[in-house]
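Asker: Quick one: this structure, given as structure tokens, is what I'll be asking you about.
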Amino acid sequence: MPKKLSPPKAQLESLKAEISRHDFLYYTKDAPEITDGEYDALFNKLLEIEKSYPELVTLDSPSQRVGGAVLEEFSKLAHRQPMLSLQNSYSIEDIDAFEERARKELKDLAPATFEFFCEPKFDGLAVELVYEAGRLTKAITRGDGLVGEDVTSNIRTIPSVPLKLHSLSRSNSVSEVPELLEVRGEIVMLKDDFRKLNETQVENGEAAFANPRNAAAGSIRQLDPKIAASRPLVLFSYAPGAIEGLKIKSQSEFETTIQGFGLPIAGVSPKDESFEEFKKRIRDSLKKKSRTLGLARIGLGAVEAKLYYDFIQEIRSLLPFDIDGVVIKINDYRLQEDLGFVARSPRWATAAKFPPEQAETILETIEIQVGRTGALTPVAVLKPVKVGGVTITNATLHNQAEIDRKDLRLGDTVVIQRAGDVIPEIVRSRPEKRKPGSMAFTMSPLCPSCGSMAVKPDDEAVLRCVNSSCPAILKGSLKHFVARRAMNVEGLGDKLIDAFVDAGLVRRPSDLYTLTTAKILGLERQGEKSAQNLIDSLEASKKTTLARLIYALGIRHVGETTAKSLASYFAHSEAFLAASEEALLAVPDIGKTMAASISAAIQDGSLRSEIARLNELGVVVDQPKKNEASSNALGGKKYVITGTLPLGRDEVKDLIEANGGIVLSGVSKKTDFLLAGEEAGSKIQKASDLGVEVIDWVAFQKQLAATDS
């Protein structure tokens, strides 16, 4: 008979299981069943119990993702089974050669047509996760294939990595988690997250990462787990290591099985899906920015594998993560075993890599841009050149150290590539093509905007203008202040902000709320309608939240997530402005450097006076309770949105949640209504199969009109 748990422990175990399930639905299935606020409430309840009963805290608790003590060094761990590398090729014709080699090796055992498992080749850091009795016990880098580094503390901080595996129902029977499951995968950083991280790195005077792969690898190889915890990392699983207590017959079965256990994968497309249906579904998913794309596919023979290669290469730049090719494996594990290995590579798999997207051009000049924190960033101005179908004219150089390291000189022939298929970067110069007498480039110590002497703090890699009246800093601060995720002032673009500053109309953010139509009409090319629209937008932005305001004020080291944490912790601007550095350190995810920066900003009289003036000018900080609904007309009913509706998808979602409803991403038995617009697609059929009521926009409007009375 199982041992009866104490009430606190039983409640804690229940919460851990529930939070783990919602993590699985969010990160692996892309089908959340609860709102962010409801998730936060569960998490906070777990934290409260663990605070009262610290002896009940275990390593598989979601609370342990924040990172522990700083490690002295990484210890070495051996892989139970070698992590072998794949044979690489850069020609699509090599896929035919791969099939021929496999057929020759298998002889009479070779099937009439090979069933190939095709999936993207992620460009990240390869790791092995070790689960024993369903719990994550070790995480090891590839290393030399035989021995890797123990990075368990850092891997635990990644939200998409399950700390404890789920059980799953498979073939109408329950499959319990195996005694031992080793899963190989790739740690990557999504392109958007990489771009934001580099912007923060440069603004904070730190070196920018060259590409998402370096950013991911550098994050995992930090000795301080809190650094890894602060980075937006993602896991994609794709291969087995040692397994005990589970029988798997194919690669496709392996991936769907581990997905059921809670491990994120690239997603396996339905076996009966035609290639044209596959392409359409992927393109639709990319438009919707879905996290679970279902990119892996079973292809019959080299012909379909080559079609897959061509299609993935075609959409490569649209994917949210970096890939550098596709991996093609024989799907049947029995055939894999028969084929075996050659040297340190399997005979049953190959990596068909894409040609690198690079081009040569001329570095015409280097301009210096000034950011909102005063960071001076050199930008290469290039002779226009096409790379991957996109014309490149500029590339960031980050700082003087990078210019020196790459030995870049004006007039040089340089090799350009799109880092992460998106961000242009100079890979190297071609000194053999350099003109005689060229000189090394050195940044001027003077700010190009205001002429003040720039400084280089000892702990930073960038020069920084420290003149608080610098026009470039003011313009950058204003552009940040009005951004969509900050004060959200619609219609106030960069050129108009530049004009306001140049005309002396705006000298600090609060001045924006002193603008009148007459002042705006005094500028060139401004009409009455556009001036009035801007005044209306400024007026609408006055009602905001504390999180938006803190973020908008541009305190150094404070991003959107940190601003939300501060607002949640202090609740009111008065409490925030009264916070000591010690109090700031008590806020989750805020370390010493960030606390010191925020404390310095709070002590600075200009921040206090700016907030006071914003209040005087009518800016109202509204700190609503999470999930507080403006009405309860929808009474907690669960909705799925599909098709084209009169409002945008985000607006409809906000409307449902504001009226007491819950928005789900996928149709299930728990769905109450499928709100369907034009071109609704396959969800209509699924709703019909499950008995879920389908409503149109008119019916939805009638539901909103209903009241609790």
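The numbers here are math on the coordinates, done by the rules we state, and not lab data. Computed from a prediction, not measured in an experiment: that's the story for all the values here. We place every Cβ from the backbone using ideal geometry, glycine too, and count neighbours over all the protein chains shown.
Asker: Kindly rank 527-540, 551-564, 90-103 from highest to lowest mean number of other beta carbons found within 10 Å of each residue.
Answerer: Per-residue mean Cβ counts within 10 Å order the peptides as 551-564, 90-103, 527-540.
Asker: For segment 358-433, what relative contact order do you get, as a whole percent, if you take Cα pairs closer than 8 Å and at least 6 residues apart?
Answerer: 31 percent
Asker: How large is the helix-only mean residue ellipticity at 222 nm for the chain, computed as the sum of -39500 (n - 2.57) over DSSP H runs with n ≥ 4, divided by its residue count, in deg cm²/dmol to the nearest 500? Before the final figure, lay out the partial values.
Answerer: Values: 25 runs with 249 residues, N = 709.
Per the formula, -10500 deg cm²/dmol.
Asker: What pairs from Lys121/Lys196; Lys280/Lys543; Lys196/Lys353; Lys479/Lys564 go past 31 Å between their alpha carbons?
Answerer: Lys280/Lys543
Asker: Let me ask something else. What is the spin-label model distance, in nm, from Lys288 to Val620 if the labels are put 7 Å beyond Cα along the C-beta direction?
Answerer: 3.7 nm
Asker: Classify segment 225-329 from the C-alpha gyration tensor, please: rounded if a/c falls under 1.5, else prolate or oblate depending on whether a/b exceeds b/c.
Answerer: Verdict is oblate for segment 225-329.
Asker: Also, I was wondering about something else. Rounded to two decimals, what ratio of Rg to Rh does the chain give with C-alpha atoms and a Kirkwood Rh?
Answerer: With Rh from the inverse mean 1/r over Cα pairs, Rg/Rh is 0.97.
Asker: Checking the a/c ratio against 1.5 first, then a/b against b/c, what shape does the Cα gyration tensor give for segment 459-564?
Answerer: Judged from the Cα gyration tensor, segment 459-564 comes out oblate (a/c at least 1.5, b/c at or above a/b).
Asker: Let me ask another. Taking 20 °C and 1.002 mPa s as the conditions, I'd like the Stokes-Einstein D for segment 302-341 in µm²/s, using the Kirkwood hydrodynamic radius from alpha carbon pairs.
Answerer: Using the Kirkwood radius from Cα pairs, D works out to 179 µm²/s.
Asker: Could you work out the relative contact order of the chain, using alpha carbon pairs under 8 angstrom and six or more residues apart, expressed as a whole percent?
Answerer: It comes to 11 percent, rounded to a whole number.
Asker: Return the distance in nm (one decimal) between the two label points of a simple spin-label model at Ser85 and Ala17, each offset 7 Å from Cα along Cα→Cβ.
Answerer: Computed distance between label sites Ser85 and Ala17 equals 4.5 nm.
Asker: Which Cys in the chain stand alone, with every other cysteine's Cβ at 4.7 Å or more from theirs?
Answerer: Singleton cysteines: Cys118.
Asker: Indicate the gyration tensor shape class of segment 358-433 (rounded, prolate or oblate), computed on the Cα atoms with a ≥ b ≥ c the square roots of the eigenvalues: a/c under 1.5 is rounded; otherwise a/b larger than b/c is prolate and the rest oblate.
Answerer: Taking the square roots of the gyration eigenvalues as a ≥ b ≥ c, segment 358-433 is oblate.
Asker: What number, in percent, do you get for the relative contact order of segment 486-599 if the mean sequence gap of Cα pairs under 8 Å and at least 6 apart is divided by its residue count?
Answerer: Once divided by the residue count of segment 486-599, the mean separation gives 23 percent.
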